[in-house]
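Asks: This structure is in structure tokens; I'll ask about it shortly.
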Ligand SMILES: NC(=O)c1ccc[n+]([C@@H]2O[C@H](COP(=O)([O-])OP(=O)(O)OC[C@H]3O[C@@H](n4cnc5c(N)ncnc54)[C@H](O)[C@@H]3O)[C@@H](O)[C@H]2O)c1
């Protein structure tokens, strides 16, 4: 089986849903259910015989050691993290605690477990570290996209903490022989993303008639990767990736933030038109830029494409349309998240919030 960490978050839940739809191999999800973890993302598989959930912290070494000994996974796919850049500038310590110290504890537990396995299983074991393109820093408009050899130059407390985790993962491969692989993906989008991130935030505010905040001039460029494409890439890495290697994963869809916001608005104009011919884009409001805002990220995905045969399938315009439609079709999910009522799950399950 697989051990997935942070599987109640945006990407982890998409990975679990895709995995259980396409594989008969069971999966254990270890998630602390922070504000960003939403167990309702996995309601559709809650009773699936292959799905197991444990509420807990990746930094709880005794818990993780016990889970590894009991379930004997063939791999760990590590998503759990503090993931929001704005929160990292307001409160960096939690990012170091979860992303750096939490990953270190997980590596230690994984290493002890892998070392206890018979030689063949130990060699086949994988620790997949889901990292970000943000560790590479910012590009100028004409610069070539990030390759796996690009030097690390993290600019936010978030990306610095992810970079710290990446270095530990690399060290655990080189020093202890743990078969680790790190992946660096671009901005993910798709269903079930917490509405503090750009696309669901804009949809939510647009429908509420609120200003649509765009940082600075809105000309920051990001590559956009549909979450299902990302999960398919991770499955390819798990099956065919080489230990000690890193792989960049992108959507081949560089867009400015302003273009993304305008695309969301145009899609809403079509799917949920405003009365009187008004346009959602009229709600766009430029706000003071984020501190230290990186200007451009772009991914060179030739390595994963040529070595593992993966390439993105979802075209940005179609993916965006499907994503906007999903949020329109799932108002109860959005309401549960924005009112905070999704947090009641913890109280119901464990008597604590
Ligand atoms: N979302 C993106 O666009 C993006 C881009 C690049 C990389 N990533 C990386 O992908 C991974 C997943 O991102 P996401 O957007 O799904 O994040 P998310 O914030 O939606 O989910 C994070 C999950 O981790 C859980 N978690 C946090 N601390 C934990 C702990 N100590 N122990 C166990 N669980 C814990 C949370 O409860 C939540 O379910 C992260 O490592 C992130 O850095 C995300």
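Asks: Fewest first, what order do 192, 72 take by the number of other Cβ atoms within 10 Å?
Replies: On the way: 192 24, 72 13.
Taking fewest neighbouring Cβ atoms as first place, the list is 72, 192.
Asks: Something else: Going 7 Å from the Cα of residue 325 along its beta-carbon direction, which residues of region 257-279 have the amide nitrogen within less than 16 Å of the resulting point?
Replies: So the set is 264, 266-273.
Asks: With labels modelled as points extended 7 Å from the Cα through the Cβ direction, what inter-label distance (nm, one decimal) is found for residue 287 paired with residue 1?
Replies: Roughly 4.2 nm, to one decimal.
Asks: Right, another one. Specify the inter-centroid distance of region 168-202 and region 66-141, based on alpha-carbon positions, in whole Å.
Replies: Going from one Cα centre to the other spans 9 Å.
Asks: Once you have a ≥ b ≥ c as the square roots of the Cα gyration tensor eigenvalues for the chain, tell me rounded if a/c is under 1.5, and otherwise prolate or oblate according to whether a/b is larger than b/c.
Replies: Values: a/c = 1.76, a/b = 1.38, b/c = 1.27.
It comes out prolate by the Cα gyration axes.
Asks: Just round it to a whole percent: the fraction of Cα-Cα distances in region 195-353 exceeding 24 Å. Can you show the working numbers first?
Replies: Values: 6078 of 12561 pairs.
I get 48 percent for the Cα pairs in region 195-353 exceeding 24 Å.
Asks: Label 7 Å along Cα→Cβ of residue 47; region 317-349 residues with amide nitrogen under 18 Å?
Replies: Counting backbone N atoms under 18 Å from the label point, the list is 349.
Asks: Counting only DSSP beta bridges with both residues in the chain, tell me the antiparallel percent, nearest 5.
Replies: On the way: 3 of 39 bridges.
That works out to approximately 10 percent antiparallel.
Asks: With an 8 Å cut-off on Cα pairs and a minimum separation of 6 or more residues, tell me the relative contact order of the chain in percent.
Replies: Numbers: 639 pairs, mean separation 60.6, N = 353.
After rounding, I find 17 percent.
Asks: Got the relative contact order for region 1-114 handy, in percent, Cα pairs under 8 Å and 6 or more residues apart? Walk me through the intermediate numbers first.
Replies: Values: 166 pairs, mean separation 35.3, N = 114.
The value is 31 percent.
Asks: To continue, here is another question. At what distance in angstrom do the alpha carbon centres of region 210-270 and region 277-306 lie from each other?
Replies: Cα centroid of region 210-270 versus Cα centroid of region 277-306: 9 Å apart.
Asks: Where does each of 31, 86, 322 land when they are ranked from fewest to most other beta-carbon atoms within 10 angstrom?
Replies: 86, 322, 31
Asks: What does the C-alpha gyration tensor say about the overall shape of region 1-104? Classify as rounded when a/c is under 1.5, otherwise prolate if a/b is larger than b/c, or oblate.
Replies: On the way: a/c = 2.31, a/b = 1.43, b/c = 1.62.
Verdict is oblate for region 1-104.
Asks: Still on this structure, I have one more. Could you tell me whether region 267-332 comes out rounded, prolate or oblate from its Cα gyration tensor? Rule is a ≥ b ≥ c as square roots of the eigenvalues, rounded for a/c under 1.5, then prolate if a/b exceeds b/c, otherwise oblate.
Replies: Working: a/c = 3.04, a/b = 1.47, b/c = 2.07.
Taking the square roots of the gyration eigenvalues as a ≥ b ≥ c, region 267-332 is oblate.
Asks: In nm, what is the difference between 0.36 nm times the number of residues separating residue 207 and residue 72 and their Cα-Cα distance? List each step's numbers first, then the result.
Replies: Working: separation 135, 0.36 × 135 = 48.60 nm, distance 4.63 nm.
Contour length minus Cα-Cα distance gives 44.0 nm.
Asks: Round to the nearest 0.05 the FRET efficiency obtained for residue 270 and residue 140 when R0 = 45 Å and r is the Cβ-Cβ distance. It would help to have the intermediate numbers written out before the result.
Replies: On the way: r = 35 Å, r/R0 = 0.78.
Result of the calculation: an efficiency of 0.80.
Asks: Please arrange 286, 204 by how many other C-beta atoms lie within 10 Å of their C-beta, fewest to most.
Replies: Ordered by Cβ neighbours within 10 Å, fewest first: 286, 204.
Asks: Rounded to the nearest 500, what is the 222 nm mean residue ellipticity of the chain from helices alone, with -39500 (n - 2.57) per DSSP H run of 4+ residues and division by all residues? Numbers along the way, then the final one.
Replies: Values: 14 runs with 150 residues, N = 353.
That calculation yields -13000 deg cm²/dmol at 222 nm.
Every read-out reported here was derived from the displayed coordinates using simple, explicitly stated rules and does not represent laboratory data. Treat the numbers as computed from the prediction; the structure is a model and nothing was measured. When we count neighbours, we look across all protein chains shown, and the Cβ atoms used for this are built from the backbone with ideal geometry, even at glycine.
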